[in-house]
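Read the structure below first, then the notes.
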Amino acid sequence: MKSAAFNQWSFDAPVLSLCVNRNRDWVAVALADGTMQALPASDEAVKPTSIKVHDGVSLCLRPDADAHALLSGGDDGKVVIIDPNLGETSLLVEHKGKWIDNVASSADGAFRAYSLGKQVHVMDEEGKERFDPPLSLPSSPGALAFSPNGKRLAVSHYNGVTLWWLNSKKAEPTVLEWKGSHLGLVWSPDGKAVISSMQENALHGWKLSDGNKEMQMQGYAAKVKSMAFTARGRYLATSGAEQVVCWPFMQGGPWGKPPLLLGGAEGRLVTTVAPHPEEDMVAAGYSDGMIILGPLDGRMEIMINPPAGAAINGLAWNGAGDCLFASSESGTVLLFTAKSVRDAVIHAG
């Protein structure tokens, strides 16, 4: 099968990360040459806008608190807000000689956060520090994540996850302990659970609405580097195995329940996942360049990109859910549209 891609862009440097803004109308890719390439998140076959963001490279790229912008932290010590509409940037803060390891922003637009070393800085809408001194961690943070309502900040680190309430500058943090190195972090859409990915090829979660009841999700072949909840929060889709592992979060959560498995073939691992914003479907990229669309209702998966060598390291849907962008480590960005996928399936059939 040929690729169902509607368009393709190739760059002279590897892609480090791919991200869409909160409005899902712009997609940006950070390149190893230090530039950012911005594209409308639509089927417009346009030349990307190249934006110089850092005096070095972007280490973390996330949606900004401003719904149309993106937020980037670099190895130059800068936290930068990127306006893809204008192709411009504005400097939020700079720590010369430091690396900005993580950035995050709240969906309500009230807060931005970033980490360097063992400290986490939280800034309000006016750019003022929320906590003085900054939040202190026992080790360097693995990830930052605001709760869906923007009222709490979760930080993963060695031996657990720490939660802070943002409406009080003096509130004591809640420490969720579990031995090991905690890396990635995600909240359930209802804010009742927080899950971290670990160095030990596993996930660990806490059900905050039930006395911080714990859950352990194991059996992965590699570290889980990509995880996201599906539409309406019914499943948590994850990478790290030969199949897309989807843990059920309906009717009380995944305790004692097997995961739903999508796609898969021996010899390749899922590297990134992107649930559809509205439908019960997950896009998944693999270590050999293959990309599939996996329905959650038992229908057969559709391969939209055949194995091509370079690992897929980014996937993102636009707001309408009719355009899927994919990036590979080789420096290629692919666009799949609903029409191009339908045409490819009909042709293959």
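Given the condition part of a strand (DSSP E or B), surrounded by fewer than 16 Cβ atoms within 10 Å (Cβ to Cβ), at pLDDT 95 or above and among the polar types (S, T, N, Q), answer yes or no: does some residue in segment 83-92 qualify?
Yes; the residues of segment 83-92 include at least one that is part of a strand (DSSP E or B), surrounded by fewer than 16 Cβ atoms within 10 Å (Cβ to Cβ), at pLDDT 95 or above and among the polar types (S, T, N, Q).
Please go through segment 141-173 and pick out each residue that is farther than 20 Å from residue 66 by Cα, of a type outside the set (A, V, I, L, M), within 18 Å of the chain's Cα centre (by Cα) and not in a loop (DSSP other than H, G, I, E, B).
Residues satisfying the conditions are 156, 157.
So which residues in segment 228-238 are farther than 16 Å from residue 205 by Cα and not aliphatic (A, V, I, L, M), if there are any at all?
Passing the criteria: 230, 232.
What pairs can you find where one residue is in segment 295-315 and closer than 22 Å to residue 277 by Cβ, the other is in a loop (DSSP other than H, G, I, E, B) and among the β-branched types (Val, Ile, Thr), and their Cβ atoms are less than 8 Å apart, with a gap of 6+ or different chains?
Note: pairs meeting the criteria are 296/230.
Could you list, ordered by first residue, the pairs with Cβ atoms under 6 Å in which the first is in segment 324-337 and at pLDDT 95 or above and of a type outside the set (Lys, Arg) and the second is surrounded by fewer than 20 Cβ atoms within 10 Å (Cβ to Cβ) and part of a strand (DSSP E or B), at least 6 apart or interchain?
From residues that are at pLDDT 95 or above and of a type outside the set (Lys, Arg), the pairs are 332/10; 333/9; 334/8; 335/7.
Among the residues that make up segment 210-217, is at least one of them among the small types (Gly, Ala, Ser), surrounded by fewer than 18 Cβ atoms within 10 Å (Cβ to Cβ) and outside any strand (DSSP E or B)?
yes
Residue 134 - would you say it is under 22 Å from residue 223 (Cβ atoms), surrounded by fewer than 22 Cβ atoms within 10 Å (Cβ to Cβ) and more than 22 Å from the chain's Cα centre (by Cα)?
no
Out of segment 223-239, which residues are surrounded by fewer than 21 Cβ atoms within 10 Å (Cβ to Cβ), outside any strand (DSSP E or B) and under 12 Å from the mean Cα position of the chain (by Cα)?
225 - this is the single residue of segment 223-239 that is surrounded by fewer than 21 Cβ atoms within 10 Å (Cβ to Cβ), outside any strand (DSSP E or B) and under 12 Å from the mean Cα position of the chain (by Cα).
What's the number of the condition residue 316 fails, among (1) surrounded by 17 or more Cβ atoms within 10 Å (Cβ to Cβ); (2) within 16 Å of residue 268 (Cα to Cα)?
Among (1) surrounded by 17 or more Cβ atoms within 10 Å (Cβ to Cβ); (2) within 16 Å of residue 268 (Cα to Cα), residue 316 violates only (2).
Of these, 176, 185, which one is among the aliphatic types (A, V, I, L, M), touching a residue at least 40 places away in the same chain (Cβ under 8 Å), in a strand (DSSP E or B) and surrounded by 17 or more Cβ atoms within 10 Å (Cβ to Cβ)?
So the residue among 176, 185 that is among the aliphatic types (A, V, I, L, M), touching a residue at least 40 places away in the same chain (Cβ under 8 Å), in a strand (DSSP E or B) and surrounded by 17 or more Cβ atoms within 10 Å (Cβ to Cβ) is 185.
The values are calculated or read from the model by the stated rules, or taken from the named source; none is laboratory data. This one's a predicted model, so the numbers in the text were calculated from it and none came from an experiment. Reconstructed Cβ throughout: ideal geometry from the backbone, glycine too, with neighbour counts over all protein chains shown.
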